[in-house]
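To start, the structure itself, in structure tokens.
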Amino acid sequence: MNHQIIVKTKQKIQNWPVELRFLIGCLRVWMGDESLVLDKYKYDSINWEYFVSLTVRHRVWPIVYRVLSSQNSIDIPEEELSKLKQLNRKNSLKALAFSAETSRVVSEFNKIGIPSLLLKGVALAQQLYGDISLRPSRDIDLLIQPSQLQKANQVLKQLGYQHQYFDIEPFSPQQMRMLLKRNHHHNYKHPHRSVVLELHWKFKANFFGKFNEIEHSNDNSFSIDINNVQVKILNRRDNLLYLCVHGSLHGWFRLRWLQDFVLLSKMMTKEDWKDLWKRAKDQEILHILIQGCVLAHSLFDIPITLDLSDTNTPRKFLKPMIFQSLESISGPEPIVGKYFSKTFFLKKHILFTCNPKIKHKLLFLVNHFRPGHGDLTALKIPEVLFPLYYMIRPILLFYRMFIKRFV
């Protein structure tokens with residue numbers, strides 16, 4: 001059955017625009033796919049302006065620029081190549097700034113005893129790409145223990161960061177508990193350094209199996225050196241599972257995430273894959289690991305190490321998960337905060353489909369009824385009347401969706 005899904009997945013990819021297929025070809029060439037040749041006659045109908053916009057949408061322009069600037073057989077217009085070159089220069093400077101800021105924040109956390117894990121970002125670029133400028137990052141992701149959140153918030157404020165949406169200090173204990181339960185990170189921004197930092201206390205939302213139960217221990221992490229600061233990152237097995245969960249949560253709408261998956265999977269041994277299968281099964285996210293493997297195989301033609309027939313995940317769950325991700329990859333980029341758009345409904349559908357177990361689907365649905373930071377900051381309700389937040393949430397949500405945009 002899974003073989004049939006792979007065949008249909010590859011057929012759908014063949015119907016994608018030539019620009020997107022050429023973009024995938026560039027990534028495969030950079031990763032050393034010797035069986036693929038970028039032929040100008042095969043791709044002579046490319047809309048180069050659209051192609052460059054795709055490199056930005058999928059956050060892969062540094063690699064594409066390196067590939068195309070070294071390909072004599074591809075006649076890319078000088079204007080579009082110049083755009084890629086300029087983007088590449090800006091990203092190189094940004095990568096250095098992010099590297100410096102990562103080490104600065106982690107160093108301050110280490111000084112006062114806040115254990116942290118760096119997710120993706122500079123660490124992944126250094127580990128997988130060998131060059132921090134080859135993997136653009138939008139923000140810095142740090143994972144801490146929930147009990148350290150207030151302390152970490154103080155440190156970030158001292159370093160000049162501001163919460164992008166609200167200040168958590170005035171929140172009551174009950175409001176904080178609700179925030180910790182409903183969300184998995186806070187967004188901070190440094191006004192002068194143009195750096196966004198996401199402070200996580202969970203890997204992802206609660207409805208992704210048991211992945212959040214991974215502890216911050218030496219067994220699942222190791223340290224790397226970033227600007228003479230020891231920064232902890234996940235080991236390659238847990239990191240691969242995290243990349244799967246993160247990609248699946250977002251419908252894999254960036255090719256860069258799948259490229260991360262491919263590069264990391266190439267570092268895995270047979271024993272790693274055996275252990276990975278068991279971990280994914282124990283954490284109830286085996287279907288998400290299979291989804292990542294099928295997409296990586298179909299787009300980048302890498303072998304699937306897992307025995308896909310040895311799974312209890314029904315085809316009726318895998319098929320929509322994979323096909324919706326294909327729609328997400330080839331469609332427009334989702335706009336954060338834009339309600340009722342095509343990508344808005346697609347993401348909701350993806351999140352619901354990614355949870356084959358009824359309890360996970362229920363958790364996903366229940367999470368919509370819990371008060372969010374927008375509700376908690378809009379009205380200050382005494383602790384004894386906290387249940388009122390559940391009653392007024394539909395009104396506040398209606399206001400944010402329909403009225404606030406036109407006021």
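Measure nothing but the geometry: give the 0 to 90° angle between the long axis through the Cα atoms of 2-14 and the longest principal axis through the Cα atoms of the chain, rounded to 10°.
With both axes taken from Cα atoms, the answer is about 70 degrees.
Suppose only helical runs count, i.e. DSSP H with n ≥ 4. What mean residue ellipticity at 222 nm does that imply for the chain under -39500 (n - 2.57) per run, divided by all residues and rounded to the nearest 500 deg cm²/dmol?
-16000 deg cm²/dmol
Could you do me a favour and compute the accessible area per residue for segment 1-94, 1.4 Å probe, result in Å²?
With all protein chains present, segment 1-94 gives 56 Å² per residue.
Relative to the longest principal Cα axis of the chain, at what angle does helix 255-265 sit, 0 to 90 degrees, rounded to 10?
It works out to around 80 degrees.
Past 21 Å, Cα to Cα, is the threshold; run Lys157/Lys380; Lys281/Lys347; Lys281/Lys359; Lys120/Lys359 against it and keep the listed order.
Lys157/Lys380; Lys281/Lys347; Lys120/Lys359
Using Stokes-Einstein with the Kirkwood hydrodynamic radius over Cα pairs, what translational diffusion coefficient do you get for the chain at 4 °C and a viscosity of 1.567 mPa s, in µm²/s rounded to a whole number?
For the chosen part, D equals 57 µm²/s.
What part of the accessible area of the chain, given as a whole %, is carbon or sulfur when the probe is 1.4 angstrom?
In the chain, the share of accessible area belonging to carbon and sulfur is 55 percent.
What is the diffusion coefficient of segment 121-214 in µm²/s, taking the Kirkwood radius over Cα pairs and the Stokes-Einstein relation at 25 °C with a viscosity of 0.890 mPa s?
167
Within segment 1-79, list the trypsin sites (Lys or Arg not before Pro) lying in a DSSP loop whose Cβ has at most 14 other Cβ atoms in a 10 Å radius.
For trypsin sites (Lys or Arg not before Pro) across segment 1-79 that sit outside H, G, I, E and B with at most 14 neighbouring Cβ atoms in 10 Å, the list reads Lys40, Lys42.
Could you check the spin-label model distance between Met31 and Leu81? Points 7 Å from the Cα along Cα→Cβ, value in nm.
Here the answer is 2.6 nm between the modelled labels.
Most fluctuating residue of Arg138, Arg237, Arg254 in a GNM of the chain with Cα springs under 10 Å: which is it?
It is Arg138.
In a GNM of the chain with a 10 Å cut-off on Cα contacts, which of Thr55, Thr353, Thr377 has the highest mean-square fluctuation?
Thr377
Any chance you could give the angle, 0 to 90 degrees and rounded to 10, that helix 270-282 forms with the longest Cα principal axis of the chain?
Result, in degrees: 40.
How many Å² of accessible area per residue for segment 111-262, probe 1.4 Å?
Heavy-atom accessible area per residue stands at 37 Å².
The values are calculated or read from the model by the stated rules, or taken from the named source; none is laboratory data. Note that the coordinates shown come from a computational prediction; the quantities given were computed from them, not determined experimentally. Glycine gets a Cβ as well: all are built from the backbone with ideal geometry, and neighbour counts include every protein chain shown. Heavy atoms of the whole protein, side chains included, go into the accessibility calculation; ligands, DNA and RNA do not. Shrake-Rupley method; radii C 1.70, N 1.55, O 1.52, S 1.80 Å.
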